[in-house]
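Undergrad: Right, I'll just put the structure down here and ask away after.
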Amino acid sequence: MGAEMAPPEWMHEQVTAEQYDSWGDEQCSGIEIVDGMVVVSPSASKRRNRLARILANALDAAAGPEWNADTDFDVRLRDVPLSNRRPDVTVYRADALDITPTRPEHVLLVVEVVSPGSETTDRVVKVDQYARAGIPFYWRVEQAATGIPLVYTYVLDPATRVYRDGDVFTGVVKAVAPFTVEIDLGAL
């Protein structure tokens, strides 16, 4: 019988912002930090990665020179206890390109693409965390039974730090906020 692989010790201890910032890209890849604890994120499917890239490219083109849209990097929601999330797509201020860590005040919109196993996290947990951090817009993308993506949009109520329901799009996103954008997801 072979020896079982035990997770590294650092996965069982609360991580500080200073510790996390000292880790290399390889150690930070595929994880998020929630209330100081490491949460391993499974590798995304090619379909999910493609959908995120299509969204990021369209949002980047529509946002104008003041905003960038990119995939797969940390947004530092809180320093103590440390909370870093890695949205599927993040629209952030262009002048914050070289600022690390990216913080909520740099972010305009986060997009999460729901996959099997992330439903509760994307529908409930992250919505609350992004709202409490003050990120103005949140989009959640789900696969409908037809296979055509559904995009649920949310707008932050700054007084309560709770998202209000926005529009729901099927296949083609025709949003006017946070900026005008049209994205055809039906051809995915």
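Undergrad: Please compute the length gained on full extension between D79 and H12, using 0.36 nm multiplied by the number of residues separating them and subtracting their Cα-Cα distance.
TA: Net length gain for the segment: 22.3 nm.
Undergrad: Right, here's the next one. Only one of the listed values, (1) 31, 23, 15; (2) 20, 19, 18; (3) 28, 20, 16, was derived from the coordinates as semi-axes √(5λ) of the Cα gyration tensor in Å; which label is it?
TA: Among (1) 31, 23, 15; (2) 20, 19, 18; (3) 28, 20, 16, the one calculated here is (3).
Undergrad: For the chain, what is the calculated [θ] at 222 nm in deg cm²/dmol (nearest 500), taking -39500 (n - 2.57) for each run of four or more DSSP H residues and dividing by its residue count?
TA: Counting only the DSSP helices, I get -5500 deg cm²/dmol.
Undergrad: Percent of accessible area on the range 94-144 owned by carbon and sulfur, 1.4 Å probe?
TA: Answer for the range 94-144: carbon and sulfur cover 53 percent of the accessible area.
Undergrad: OK, next. Compute the accessible area per residue over the range 33-178, keeping the other protein chains in place, probe 1.4 Å, unit Å².
TA: 49 Å²
The values are calculated or read from the model by the stated rules, or taken from the named source; none is laboratory data. Keep in mind that this is a model prediction, so the values were computed, not measured. Ligands, DNA and RNA are stripped out before the accessible areas are found, and what is left, the full protein with its side chains, is counted by its heavy atoms. Shrake-Rupley method; radii C 1.70, N 1.55, O 1.52, S 1.80 Å.
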